[in-house]
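The values are calculated or read from the model by the stated rules, or taken from the named source; none is laboratory data. Just so it is clear, the model here is predicted, and its values are computed rather than measured. Virtual Cβ from ideal backbone geometry, glycine too; neighbours counted across all protein chains shown. For the accessible areas, the whole protein counts, side chains as well, though only heavy atoms, and no ligand, DNA or RNA atoms are used. Shrake-Rupley method; radii C 1.70, N 1.55, O 1.52, S 1.80 Å.
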Amino acid sequence: EDKVVQSPLSLVVHEGDTVTLNCSYEVTNFRSLLWYKQEKKAPTFLFMLTSSGIEKKSGRLSSILDKKELFSILNITATQTGDSAVYLCAVLSGSARQLTFGSGTQLTVLP
Amino acid sequence: NAGVMQNPRHLVRRRGQEARLRCSPMKGHSHVYWYRQLPEEGLKFMVYLQKENIIDESGMPKERFSAEFPKEGPSILRIQQVVRGDSAAYFCASSPTVAEAFFGQGTRLTVV
């Protein structure tokens, strides 16, 4: 059974801090890994990673994948209160057309 | 393009009643996915549908749950004889490819 584990489960920081969120996976026939941000609404797509070692960046957010060690990290620099959310990692594997999600990291950024 | 539309946003049902959740995919998307999110848990895949076909229902409970995506109209997730454990947020996503799944706002089902 495909498995996606995120850590930490929750994180509280102050504005301006840098955070690193972790996602490890055990899946059959890995295809891609995706990061989503979920506030009190629908998950919104952040990144899709397919190849190892290639960093994806969007503003203060960046992410990278290590297919050898089977993990990905999501970095957020100069955090803002608006970054407070649950960050979900999901893996697409095999021929399945479904995503397997981790349980998420609850990030709280204090002013 | 209005995005993925789910309704109702909130649904309260008594134990034993039926719940119907609707999802209209984004224009041009023929792939629909339903996910369930229980409190304090991540999203769990339930079913993947294309127009008039169920492609993968491996995440769907065998009893009381069914899904359809007719040729015309929204996709429907139907839960018969609801129980308290069915209380959750149900998200629908649509995509041209699963890697770009766009999620709806979700339906929060509360069974009392």
Enumerate the strands (runs of 3 or more DSSP E) found wholly within chain B, keeping only those where 1 or more residues are over 22 Å from residue A:43 (Cβ atoms).
B:10-13, B:19-24, B:53-56, B:65-68, B:75-79, B:107-111
Go through segment A:70-80 and count every residue that is open to solvent by 10 Å² or more (accessible area, probe 1.4 Å) and either within 8 Å of another protein chain (Cβ to nearest Cβ) or touching a Phe, Trp or Tyr at 6+ places or on another chain (Cβ under 6 Å) (or both).
1
Kindly indicate whether residue B:105 is on the phi > 0 side of the Ramachandran plot and open to solvent by 60 Å² or more (accessible area, probe 1.4 Å).
no
Please determine whether any residue of segment B:35-57 is within 11 Å of another protein chain (Cβ to nearest Cβ), surrounded by 19 or more Cβ atoms within 10 Å (Cβ to Cβ) and polar (S, T, N, Q).
yes
I need every pair where a residue in segment A:19-36 that is within 10 Å of another protein chain (Cβ to nearest Cβ) has its Cβ under 8 Å from the Cβ of a residue that is of a type in the set (Phe, Trp, Tyr) and open to solvent by 60 Å² or more (accessible area, probe 1.4 Å), sequence separation at least 6 or different chains.
A:34/A:45; A:36/A:45
Among the residues that make up segment A:81-96, is at least one of them open to solvent by less than 60 Å² (accessible area, probe 1.4 Å), within 14 Å of chain B (Cβ to nearest Cβ) and in a loop (DSSP other than H, G, I, E, B)?
yes
Of all residues in segment A:19-53 being touching a strand residue (DSSP E or B) at 6+ places or on another chain (Cβ under 7 Å) and open to solvent by 70 Å² or more (accessible area, probe 1.4 Å), the one that is nearest to residue B:40 (Cα to Cα):
A:39
Residues satisfying the stated conditions in segment B:67-112, i.e. away from chain A (no Cβ under 14 Å) and charged (D, E, K, R)
B:68, B:71, B:72, B:78, B:84, B:86
Matching option when the condition is over 14 Å from the mean Cα position of the chain (by Cα) and aliphatic (A, V, I, L, M), among B:112, B:32, B:4, B:47
B:112
Residue set A:103, A:58, A:63; condition of a type outside the set (Asp, Glu) and exposed (fewer than 12 other Cβ atoms within 10 Å of the Cβ); output residue A:58
Which listed residue is basic (Lys, Arg) and facing another protein chain (nearest Cβ under 10 Å), from A:41, A:67, A:57
A:41
Which ones in segment A:32-50 are among the hydroxyl-bearing types (Ser, Thr, Tyr), touching a Lys or Arg at 6+ places or on another chain (Cβ under 9 Å) and at pLDDT 90 or above?
A:50
